[in-house]
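Take a look at the structure below.
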Amino acid sequence: MATRKVGLNMRAELYDDLAKLAKDNGQTTTYVLERAAEHYIQYVAPTQNTVRPEIMAHVRKSIEKNRKLLHLLAQ
C-alpha cells in the first residue's frame, strides 16, 4: 500500500482528544485519522450534495416572501 506524508494544522484540543482516543485503543494517531478520513469519504461526503426536504421548504418560503417584498418595493 502506497502512503503519502501529509502535514496539517488541527485545533490543539481536537488533536489531544484524537491522540488520547488512539492511545486508549492501542492505535496510532495516523491509524485513527485514516479511519476518520475513510468514514468521511464513504459516508459524509456523499450526503453533502443532498439537501434535506425541510431545509428546502424553508428556502422556498423565504424566496416567496422575498419575491413579494421585492414586488412591493418596486411599486
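The values are calculated or read from the model by the stated rules, or taken from the named source; none is laboratory data. Given the structure is predicted, the values throughout are model-derived calculations rather than measurements. Every residue, glycine as well, gets a Cβ built from its backbone with ideal geometry; the counts of neighbours run over all protein chains shown.
Can you find a residue in region 2-20 that is among the β-branched types (Val, Ile, Thr), out of contact with any strand residue (DSSP E or B) (no Cβ under 6 Å at 6 or more places or on another chain) and in a helix (DSSP H, G or I)? Step through it out loud before you land on a result.
Looking only at region 2-20, we keep the residues that are among the β-branched types (Val, Ile, Thr), and these are 3, 6.
Those still in the list that are out of contact with any strand residue (DSSP E or B) (no Cβ under 6 Å at 6 or more places or on another chain) too: 3, 6.
Restricting the remaining residues to those that are in a helix (DSSP H, G or I) gives none.
No: region 2-20 contains no residue that is among the β-branched types (Val, Ile, Thr), out of contact with any strand residue (DSSP E or B) (no Cβ under 6 Å at 6 or more places or on another chain) and in a helix (DSSP H, G or I).
Just give me the residues in region 48-69 being of a type outside the set (D, E, K, R) and modelled with pLDDT of 75 or more, in sequence order.
Within region 48-69, PRO53, ILE55, MET56, ALA57, HIS58, VAL59, SER62, ILE63, ASN66, LEU69 qualify.
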